[in-house]
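Novice: Could you have a look at this structure, given as structure tokens, before my questions?
Rule-based calculations on the coordinates, nothing more; no lab input. Predicted, not measured: the structure shown is a model, and the values here were computed from it. Every residue, glycine among them, receives a Cβ derived from its backbone with ideal geometry; neighbour counts consider all protein chains shown.
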């Protein structure tokens with residue numbers, strides 16, 4: 001029975017793999033420079049050496065790269081037939097996927113030595129060693145004296161973003177990059193705790209405040225279709241310690257007083273959609289999203305005092321308040337980012353967090369904070385043209 005299960009799973013994975021490598025849809029092929037045929041197109045995504053076309057009411061026919069100069073699938077991809085290096089000293093015709101098209105065409109290859117190509121007057125391979133030099137030449141040819149191109153990474157999304165805006169004549173636009181680094185936060189944390197009953201007396205609710213530092217890390221992921229939007233993940237660790245007092249709300253004339261000391265350790269995760277304005281080196285931004293905090297450890301001490309005939313009576317209690325565990329809510333903020341060098345920036349921001357205990361025990365927390373962040377992409381390439 002177990003063998004049949006694994007055989008079925010292997011068959012399913014094999015079929016899924018074959019299906020994922022096969023492209024199919026309505027489109028057209030170009031034979032030479034002028035001959036044009038429409039039909040259902042079939043091709044191998046990972047090694048498109050040939051393509052098949054089935055005209056309406058006709059039979060399927062296969063063509064080699066070179067016989068067909070380009071083909072297109074509606075709603076999907078366009079491919080161009082080009083001669084590429086397959087191995088050392090060996091060349092052949094293959095279909096290259098068009099990623100961006102315009103004054104320069106950015107292409108991706110599934111076959112041969114090189115993954116990416118750039119075509120203007122001729123076809124040039126883009127490698128890890130030469131791509132920054134080629135971007136610099138395009139940047140200067142476009143009359144732009146800026147270093148934004150140095151942020152371009154050697155991957156499809158990053159280079160496609162640059163070539164898309166180059167073809168629009170806007171290479172000055174900020175290049176979005178994935179960034180990460182340390183975060184240092186300083187905040188005014190207010191911790192709200194529900195009242196308690198002790199003996200025959202009830203306390204009012206407690207509010208403890210403390211200027212609390214926190215340390216953490218952040219990771220930012222841009223959306224590649226537009227510079228303006230991205231999502232940031234911020235993880236911080238905080239130690240909280242404060243003292244508060246409150247009176248019994250039942251009979252204030254008795255001067256019953258409650259003194260509490262709270263010590264807590266927690267981690268907080270914020271998931272923050274972020275909108276950035278592009279003002280070259282200085283970039284204001286706004287964000288708002290989900291905040292969540294988990295209490296790792298806590299301790300609390302309480303002293304209850306009440307007047308008696310001989311003076312005051314004191315009671316000392318430990319860990320009277322339960323651990324609130326998990327809290328969730330919202331985080332809102334704004335800030336600005338200063339580019340120090342093309343791939344390194346310093347950010348300063350301020351905001352507000354409001355978190356509630358989801359089990360409705362009456363605990364909630366607010367935090368007014370100021371945060372400094374530094375991304376860790378600390379290297380950049382020198383460009384002798386500047």
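Novice: With r as the distance between the Cβ atoms of residue 221 and residue 61 and R0 = 41 Å, compute the FRET efficiency 1/(1 + (r/R0)^6) and round to 0.05.
Specialist: For residue 61 and residue 221, the calculated efficiency is 0.40.
Novice: What FRET efficiency would be calculated for the residue pair residue 170, residue 211, taking the C-beta separation as r and a Förster radius of 56 Å, to the nearest 0.05?
Specialist: With a Förster radius of 56 Å, E is 0.80.
Novice: In nanometres, what is the gap between the two model label sites at residue 40 and residue 90, each 7 Å from Cα along Cα-to-Cβ?
Specialist: 3.4 nm
Novice: Would you please give the FRET efficiency between residue 54 and residue 155, computed as 1/(1 + (r/R0)^6) with r the Cβ-Cβ distance and R0 = 30 Å, to the nearest 0.05?
Specialist: Once rounded, the FRET efficiency stands at 0.30.
Novice: Quick check: pseudo-label points 7 Å beyond the Cα along Cα→Cβ at residue 127 and residue 263, how many nm apart are they?
Specialist: Label-label distance for residue 127 and residue 263, simple model: 6.1 nm.
Novice: What does the extension gain come out to for residue 372 and residue 83, with contour length at 0.36 nm per residue minus their alpha carbon separation?
Specialist: 99.0 nm
Novice: Can you order the peptides 210-222, 93-105 by their average number of other Cβ atoms within 10 Å per residue, highest first?
Specialist: The packing order, highest mean first, is 93-105, 210-222.
Novice: Another question, then. Test of understanding: ordering 91, 129 by Cβ neighbours within 10 Å, fewest first, what list do you get?
Specialist: 129, 91
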